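Novice: Supplied in structure tokens, the structure appears directly below.
The values are calculated or read from the model by the stated rules, or taken from the named source; none is laboratory data. Note that the structure is a prediction, hence the values are computed from the model and not measured. Glycine gets a Cβ as well: all are built from the backbone with ideal geometry, and neighbour counts include every protein chain shown.
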Amino acid sequence: MTIISVIIGSTRENRFSEKPAQWIFQHLKKRSNIETQLLDLRDYSMPFFDQAVPPAMPGRAPYENEIVKKWTADIARSDGFIFVNPEYNHGYPAVLKNALDWVYPEWNRKACAFVSYGSVSGARSVEQLRQVAIELQLAPIRSSVHIPSETFMMHFKGGDLNSGFAQLVGPADAMIDDLLWWTDALKMKRENTANKK
């Protein structure tokens, strides 16, 4: 079974990110032949990366932190990812960068997509995340969902978020289609490579 993980990339109080994360999670659950899981960074309060040896170092010993072990295991069992993230000061949250940095081989050769919000609908944060994803040997797809400011502001004004999300169904479906295509292709290649060893 193909496993797609939705990662909530903000831990702030009164955050918006869990709303679009739940929305895209429900869209994923409508698809057949996939399993979905929601990974909330609030559940993985990892220290800032401080190890002497980076996770990309071949032959390094497993890290001892239990939360890091849980995070690594959840990333390892995933075949693809959707990151739901805000834009802070033209970038993405430090908590998300830290979560990315704790893991390396478990990210490799898997597809990822982005749902973003904030200034210019989070486009600049996604641009930066794509660069980091490539370095982690993730395969970021082109399609993404950028939530308009008026929908984002409904969260704070008590407006109807469902009507805002309804306007994004087309881009969400296109993104999920692309993500699943790349996820399946990469999973097949990973499995073929593993079987030849």
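Novice: Residues to consider are 28, 41; find the one that is within 30 Å of residue 154 (Cα to Cα), free of Cβ contacts under 8 Å to residues at least 60 places away in the same chain and either in contact with a strand residue (DSSP E or B) (Cβ under 8 Å, 6 or more places away or on another chain) or of a type in the set (Phe, Trp, Tyr) (or both). Give the derivation first.
Specialist: On the way: 28 fails: free of Cβ contacts under 8 Å to residues at least 60 places away in the same chain.
Result: 41 is the single residue among 28, 41 that is within 30 Å of residue 154 (Cα to Cα), free of Cβ contacts under 8 Å to residues at least 60 places away in the same chain and either in contact with a strand residue (DSSP E or B) (Cβ under 8 Å, 6 or more places away or on another chain) or of a type in the set (Phe, Trp, Tyr) (or both).
Novice: Checking the structure you have, find out if any residue of the range 172-189 is of a type in the set (Gly, Ala, Ser) and crowded, with 20+ Cβ neighbours inside 10 Å.
Specialist: Within the range 172-189 (the criterion being of a type in the set (Gly, Ala, Ser) and crowded, with 20+ Cβ neighbours inside 10 Å), the answer is yes, since at least one residue qualifies.
Novice: Oh, and also: Picking from 185, 172, 166, 194, which residue would you name as being among the small types (Gly, Ala, Ser) and in contact with a His (Cβ under 9 Å, 6 or more places away or on another chain)? Reasoning before the result, please.
Specialist: On the way: 185 fails: in contact with a His (Cβ under 9 Å, 6 or more places away or on another chain); 166 fails: in contact with a His (Cβ under 9 Å, 6 or more places away or on another chain); 194 fails: in contact with a His (Cβ under 9 Å, 6 or more places away or on another chain).
Among 185, 172, 166, 194, only 172 is among the small types (Gly, Ala, Ser) and in contact with a His (Cβ under 9 Å, 6 or more places away or on another chain).
Novice: Filter the range 53-111 down to residues that are polar (S, T, N, Q) and touching a residue at least 24 places away in the same chain (Cβ under 8 Å) and give me whichever is nearest to residue 22 (Cα to Cα).
Specialist: Step one: filter the range 53-111 for residues polar (S, T, N, Q), giving 65, 72, 78, 85, 89, 98, 108.
Subsequent filtering for residues that are touching a residue at least 24 places away in the same chain (Cβ under 8 Å) retains 72, 78, 85, 98, 108.
Details: 72: 22, 78: 18, 85: 13, 98: 22, 108: 25 Å.
Result: 85.
Matching residues to (1) among the basic types (Lys, Arg); (2) at pLDDT below 95; (3) over 19 Å from residue 3 (Cα atoms):
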residue: 63; (1), (2), (3): no, yes, yes
residue: 77; (1), (2), (3): yes, no, no
residue: 88; (1), (2), (3): no, yes, yes
residue: 111; (1), (2), (3): no, no, no
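Novice: For residues that are out of contact with any Gly (no Cβ under 7 Å at 6 or more places or on another chain) and under 18 Å from residue 129 (Cβ atoms), scanning just the range 57-86, find the one that is surrounded by the most Cβ atoms within 10 Å (Cβ to Cβ). Please lay out each step first, then the result.
Specialist: Here is the first cut: in the range 57-86, the ones out of contact with any Gly (no Cβ under 7 Å at 6 or more places or on another chain) are 57-82.
Filter once more, keeping what is under 18 Å from residue 129 (Cβ atoms): 71, 75, 78, 80-82.
Working: 71: 21, 75: 21, 78: 23, 80: 25, 81: 23, 82: 28.
That would be 82.
Novice: Any residue in the range 126-149 that's within 20 Å of residue 16 (Cα to Cα): show its pairings with residues that are modelled with pLDDT under 95 and surrounded by fewer than 22 Cβ atoms within 10 Å (Cβ to Cβ) at Cβ separation under 7 Å, as long as the two are six or more apart or on different chains.
Specialist: Filtered contacts from the range 126-149: 145/168; 146/121; 146/123; 147/121; 147/168; 148/121; 149/121.
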